[in-house]
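Remarks on the structure that follows.
The values are calculated or read from the model by the stated rules, or taken from the named source; none is laboratory data. Remember, it's a predicted structure, so these values are computed and weren't measured experimentally. Backbone-built Cβ (ideal geometry, glycine too); neighbour counts: all protein chains shown. These accessible areas exclude ligands, DNA and RNA; they are computed on the full protein's heavy atoms, side chains included. Shrake-Rupley method; radii C 1.70, N 1.55, O 1.52, S 1.80 Å.
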Amino acid sequence: MVLKILVLKLFSSGELDDSIISRKQFVLADWLRTNLLFMAGVGGYSYLYEPLWWAGMITMIVGEVANFAAYAFAPAILVTPLGALSIIISAVLADIMLKEKLHIFGILGCVLCVVGSTTIVLHAPQEREIESVAEVWDLATEPAFIFYAIIVLAATFVLIFRYIPQYGQTHIMVYIGVCSLVGSLSVMSVKALGIALKLTFSGINQLIYPQTWLFAIIVVACILTQMNYLNKALDTFNTAVVSPIYYTMFTSLTILASVIMFKDWDRQNPTQIVTEMCGFVTILSGTFLLHKTKDMVDGMVPLLPSGLPPTLPIRIPKHGDENGYASEGIPLRSAAEVCRLY
């Protein structure tokens, strides 16, 4: 079972990161063509007309199907942290396709992600035996999870209608907060729907239950919301900052939701729980190390996919001030500074 989950996560990670690389290549090309006139971060949707973006989206969908299957066979507290495997594949693909060389700190970050993932896999709880989608519905309608869902929905609406119009372009936590909060509910719904389909394919029809279709509607609504605001976050802020923060918040909230709804920790002793948390912290350390040092290439300027040196800043300034620092505190190089390197 563990091998099956690992295979599904590796496949989904590969497909998802191929989609990220494709979409990133499109963003770079689109920036050069349109000079950021129609960015997703300011409400633009011009990327929907680009074949390269759709190629990335299709590979992402294939990866999510494998991810979906993994949730049907294992607890979310195991599957979600294993998303860190995508960081390793992303680093390799970026090295090959985007010429973003993987240096010693990047390799160390990848090793930490592997160690943390292995720790979680070895101490993860067993999957809860569920015989119908109605049983999942009973778990979802218990007072503890209803209270959690109300808190999540209230916080999401406050962020969308109050804070995003004012702070969406300057505070990274606003967009990522919406994605992470909604994402925790989407994972619970995906798991419920996955269990229903697994039982249906095994001969116990769950499509006759209205709860199955309600979970499906929730999945679609949550995923569309996540895609919209994650695109805005990636288009507005530096990817090196968005990725680790989103991974941390999304995974933490998903684990919390799974513990509340499926009571994963009730079937474990304190030693196993502490070991899992240590594995999760190790993954977080590797994730932040990899992303925060991803532009360190031994003093060399990375090349564009065409092989030519960049004439734009190494990092596209997003909300930078007159001192050359972005709002998330990452120093930016000006075009003049890059030219002087030659």
Heavy-atom accessible area per residue - segment 89-299, 1.4 Å, Å²:
47
Mean Cβ count within 10 Å, highest first, over the residues of peptides 156-168, 50-62, 180-192, 253-265
180-192, 253-265, 50-62, 156-168
Quick check of the Kirkwood formula: for segment 89-299, what is the inverse mean of 1/r over all pairs of different Cα atoms, in Å?
19.1
Taking amide H atoms as placed 1.01 Å from N in the peptide plane, list the residues 5 or more away in sequence, or in a different chain, whose amide H sits under 5 Å from that of Glu127.
none
Under 28 Å between alpha carbons: how many lysine pairs meet that in segment 89-299, if sequence neighbours fewer than 8 apart on the same chain are excluded?
11
Which shape class applies to segment 115-184: rounded if a/c is under 1.5, otherwise prolate when a/b exceeds b/c and oblate if not, where a ≥ b ≥ c are the square roots of the Cα gyration tensor eigenvalues?
oblate
